[in-house]
Amino acid sequence: MAGKNKKSSFGPGFLVTAAFIGPGTVTTCSLAGAQFGYALIYALVFATITTIILQGMTGRLSLGSNHDLAQSLREFPQSKTTRSLFVVLTLSSITFGCAAYEAGNIIGGSLGLEAVTSVSNKVWVAVISFTAIIILGLGKYKFVEKLLIFLVFLMSVSFLTTLIIIKPDLLSLLKGMAPSFPKNSLYLVLALVGTTVVPYNLFLHSAVVKEKWHSITDLKRVKKDLLLSITLGGIISVSIVMTSAVAFYEKGLTPEDGVQLAQQLKPLFGTFTNLLFGIGFFTAGMSSALTAPYAAAYASSGVLGWKGGPDSKKFKGVWLGVIIIGFLVSILNLKPLAVIVFAQAANGIILPVASIFLLIVLNNRQRMGKLANDIRQNILGTLIVLVVIFLGLWNIVKLFLK
């Protein structure tokens, strides 16, 4: 699957960015900007830095131990009970979770195209679903990687050009970097961080790093890749908040989602701006519709000990199942609330569990060798783990607040 060509210094990090900049992120950022202007931008800065550090830990795990996160969760625990628990949690949160949220990715991408073409989103649901099947069915990781990098850059161009057109207040942007908690903003602060620090990206990134790079000397490539791609993802998120702040907050309006923001930009700033944001929303949905099935397949293969990698029928069966479920939920207007609630609860558990496990393995010098944690990395890692524990708990608590 993975190319062994070490001239390629980018890829895995862009898959992470393509995954977390989905319709949910666009919607959350749109609401943050519409309700609180620039005030919550600091949350995205914090989330971006946290993601870089956490994904860097998964990259080191893969290079140092030659096992991705899912494989480590299966093989590292000595207790069969603990091993079984990790398997159940991973399958519940990652595989089922990706299937539950795939519909949102497909619908989000279709609504973005509907906003700029006026063709029914049902048509685009089918087009996106079958396109995803064809792309992943080719079985060529290099092609998928390049396509996702292209989609991320297309998102960047779309959202950043939109931002330039609407002429934001840069002084307010700087003020938004300072932490503040306006009344009733805590939910959105946590949501902004939660849509960026995504559990299944831990599994996706570690697996793809293991496939693409094979030596501890590649650590610099991992860091370079993450720094560029995740920072770019953070900039995209911030640009959406700022666009929404100008289009809605400054005019006293409130959108319900990212698509409404795209539609509102047309009368305010012209057809071209509406087109740009619609394309951005489509690429957000399309890229996430490709990465979620891959993450589910990698997680399932790792924790269940399947052999054969991405070329195996079982691996292909998982990602195909995720896309088909997303398509059926989208096209039939189903509302799998029970599955989504279950997936959210499982995500709330697996995020801190996987993060704590990461920290434990990274301190195992027998497995990690030269890439084992030093004191500085342990302090930083502990702080990150505390953050994701809080996020995990919040992910569970919010289920009871709806």
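The values are calculated or read from the model by the stated rules, or taken from the named source; none is laboratory data. In this text the structure is predicted, and so the values were computed from the model without any measurement. Heads up, the Cβs are rebuilt from the backbone with ideal geometry, glycines too, and the neighbour counts pull from every protein chain shown.
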Residues being assigned to a helix (DSSP H, G or I) and over 13 Å from residue 281 (Cβ atoms): count how many of those fall in region 106-135. 12
Return the residue satisfying two criteria in turn: it lies in region 145-159 and is of a type outside the set (Val, Ile, Thr) and surrounded by fewer than 19 Cβ atoms within 10 Å (Cβ to Cβ), and of such residues it is nearest to residue 132 (Cα to Cα). 147
Of all residues in region 47-65, count the ones that are surrounded by fewer than 19 Cβ atoms within 10 Å (Cβ to Cβ) and in contact with a helix residue (DSSP H, G or I) (Cβ under 7 Å, 6 or more places away or on another chain). 1
Residues (over 15 Å from residue 352 (Cα atoms) and not aliphatic (A, V, I, L, M)) located in region 197-206: 205, 206
Count of region 32-72 residues which are in contact with a Gly (Cβ under 9 Å, 6 or more places away or on another chain), outside any helix (DSSP H, G or I) and not acidic (Asp, Glu): 5
Just checking, which of 207, 178 is in a helix (DSSP H, G or I), touching a helix residue (DSSP H, G or I) at 6+ places or on another chain (Cβ under 8 Å) and among the small types (Gly, Ala, Ser)? 207
From the options 266, 314, 307, residue that is surrounded by fewer than 20 Cβ atoms within 10 Å (Cβ to Cβ), part of a loop (DSSP other than H, G, I, E, B) and free of Cβ contacts under 8 Å to residues at least 24 places away in the same chain: 307
With (1) closer than 29 Å to residue 102 by Cβ; (2) modelled with pLDDT under 90; (3) of a type in the set (A, V, I, L, M, F, W, C); (4) loosely packed, with under 15 Cβ neighbours inside 10 Å as the list, and residue 191 as the residue in question, which single condition is left unmet? (4)
Hey, residue 224 over 19 Å from residue 18 (Cα atoms) and surrounded by fewer than 24 Cβ atoms within 10 Å (Cβ to Cβ) or not: no
Take the residues in region 351-387 that are among the polar types (S, T, N, Q) and under 20 Å from residue 193 (Cβ atoms); name whichever of them is surrounded by the fewest Cβ atoms within 10 Å (Cβ to Cβ). 382
